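Quick notes on the structure that follows.
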């Protein structure tokens with residue numbers, strides 16, 4: 001017997017976005033750990049929360065809000081950047097390729113989609129940023 005799961009396109013899109021955000025946060029945490037030696041305990045202490053809160057956020061059990069993403073990125077010494085782009089229209093019956101719409105970029109702090117996290121350029125980690133770029 002097989003089952004077919006019907007997933008609402010809206011829920012699928014939201015879940016994929018959350019997955020991308022979480023993946024970017026985990027990548028930033030791993031990169032920062034290798035550059036500066038920071039760990040979950042130090043991140044938690046800088047945010048004034050228990051280490052388990054940070055662990056849940058990175059593991060996928062915690063609720064990510066825009067505020068918690070910004071605070072976690074800040075504690076890691078990184079800066080979140082979001083972009084939003086028009087989703088592709090369903091393919092037509094013709095053989096013409098779909099036209100890619102240009103991405104719209106916003107400055108940090110506004111609501112956006114498709115997350116990329118960049119190191120913050122601050123005196124605290126400026127040397128590690130240069131080393132990572134080489």
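The values are calculated or read from the model by the stated rules, or taken from the named source; none is laboratory data. Since we're looking at a predicted model, the values are computed, not measured. We place every Cβ from the backbone using ideal geometry, glycine too, and count neighbours over all the protein chains shown.
Points to keep in mind about this one:
- Residue identified as in a helix (DSSP H, G or I), within 17 Å of the chain's Cα centre (by Cα) and surrounded by 15 or more Cβ atoms within 10 Å (Cβ to Cβ) among 35, 72: 72
- Neighbours by Cβ (under 8 Å, 6+ apart or cross-chain): first from segment 1-28, farther than 16 Å from residue 61 by Cα; second not in a loop (DSSP other than H, G, I, E, B): 27/117; 28/73; 28/76; 28/78; 28/117
- Hey, residue 30 loosely packed, with under 13 Cβ neighbours inside 10 Å and either touching a strand residue (DSSP E or B) at 6+ places or on another chain (Cβ under 7 Å) or modelled with pLDDT of 90 or more (or both) or not: yes
- In segment 1-27, the residues that are touching a strand residue (DSSP E or B) at 6+ places or on another chain (Cβ under 8 Å) and either farther than 20 Å from residue 67 by Cβ or loosely packed, with under 10 Cβ neighbours inside 10 Å (or both): 27
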